[in-house]
1. With all distinct Cα pairs included, what does the Kirkwood hydrodynamic radius of the protein assembly as shown come out to in Å, to one decimal, could you say?
2. Amide H of A:V87 versus every other amide H placed in the peptide plane: which residues, excluding those fewer than 5 positions away on the same chain, fall under 5 Å?
3. Before anything else, pin down the relative contact order of the stretch B:4-93: Cα pairs under 8 Å, at least 6 apart, normalised by residue count, whole percent.
4. Counting Lys and Arg as +1 and Asp and Glu as -1, what is the net charge of the other residues whose Cβ lies under 14 Å from the Cβ of A:L25?
5. Please enumerate, by chain and number, the aspartates and glutamates with C-alpha under 13 Å from the C-alpha of A:K82, excluding those fewer than 8 residues away in the same chain.
6. Placing +1 on the Cβ of each Lys and Arg and -1 on the Cβ of each Asp and Glu in the stretch B:4-93, which of B:F38, B:P83, B:A25 has its Cα farthest towards the positive end of the resulting dipole?
7. Taking chain A as a Gaussian network, where each spring joins two C-alpha atoms under 10 Å apart, which residue of A:A243, A:A35, A:A142 fluctuates the most?
8. Mind telling me which of A:V87, A:V27, A:V150 comes out most flexible in a GNM of chain A, alpha-carbon contacts under 10 Å?
Amino acid sequence: MNPSVVINITKEREGPCSRWRLLPLRVDDASTAMAIDEALLRLNAEGKSPNTIRFWRWLPSAVSIGCFQSVEREVDLEVAKKYGVDVVRRITGGGAVFHDHDGELTYSVVCGQEDVPADIVESYRLICGGLVRGFERLGIHAEFKPVNDVQVNGRKISGSAQTRRWGSVLQHGTVLISPDVRRMFELLKVSPEKISDKFIAPVFERVTTVERELGRRPAFEEVRDEMSGGLADAFGVELVEAALSREELELAADLRSKYTSREWLMKR
Amino acid sequence: MEVIALGYAEFKAPKGLIKVEVELAGDKISRVSISGDFFMYPEEALERLEEELIGVRAERESLLAAVHRFYGSTSIRTPMVEPEHWVEAILRASGGSQ
């Protein structure tokens, strides 16, 4: 066997010429959005979906909770009902997030486990590093804050959550553009333990937004273009715009009922 | 008949807030429910941790031994959450952190 041939093949598959799919910007309800992410993860693991980057907005606005969270402990369900805000449980860990239709953009990255470092924090560093590049393109100096945040001057502007299943990786996360922070804190129950440390500023002061940092509010498309460019750079790949396949849409439609079910929402 | 006691507490690990609801029968854990915004890989493992804790005495050494058994059984990863942090949260919920 000639070793140089093996090296060439590897380069072609994983080198800078490698192509990932970029999906069109979508607007979805919470259950559909979560079902699409799971469908992409499952089909990527089966070799039926390419490595994919996508962005979407939530309609209606929604709160997503981490897979280990108790919905009743984290979300004021009465407030959610009052404002018509959906509540959904993710398949990823981490905390509760308010996805404001008018002020938040969510991304997800689906790829093979071999496309990211085996170490969990290093894989967050790679993907969040793509977001940091995206923020730089927008004109914001941001930095990765392990395990899963991107910050500007110590204030969180993006949070992510990752799962690894069946040989593939799904990482999704939030980009705070101009969310209604007041509503965010009305919806989310903030634990006293989380703010008990007197050296830690109130949660309200620990969050920032793209609008606040830039002094203007960029269009969702602009943020999506720069963030996807940053992610492509971080992975060293070329993005090719393409739509969801029929198989992906069908699987997502099947999986959607899990995310609408009371059983899944109240799991913890 | 053994005295049944219920407890709840939270503990902030370096990454993640651990929330524990515990039911004690005498000095042993008869039921435990762990929630929070931490990460655990694989995710299904959290249920195994809860099972591992059933019947364990609610004191530091026994709990630590049980949590170490859990980590040792398969390759569990919990970034910036250590065995001691679960133990601290459970002890607080059991009213025995002093």
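Read-outs: derived from the displayed coordinates by stated rules, not from any lab. Bear in mind that the values here come from a model prediction, so they are computed numbers and not experimental data. Please note: Cβ atoms are built from the backbone with ideal geometry, for glycine as well, and neighbour counts cover all protein chains shown.
1. Across the protein assembly as shown, the inverse of the average 1/r is 21.6 Å.
2. Excluding prolines and chain starts, which carry no amide H, the hits are A:V63.
3. On the way: 161 pairs, mean separation 30.2, N = 90.
Worked out over the stretch B:4-93, it gives 34 percent.
4. Charge balance in the 14 Å sphere: -2.
5. Straight-distance partners of A:K82: A:E186.
6. Positive-end residue among those listed: B:P83.
7. Highest fluctuation among the options: A:A243.
8. A:V27
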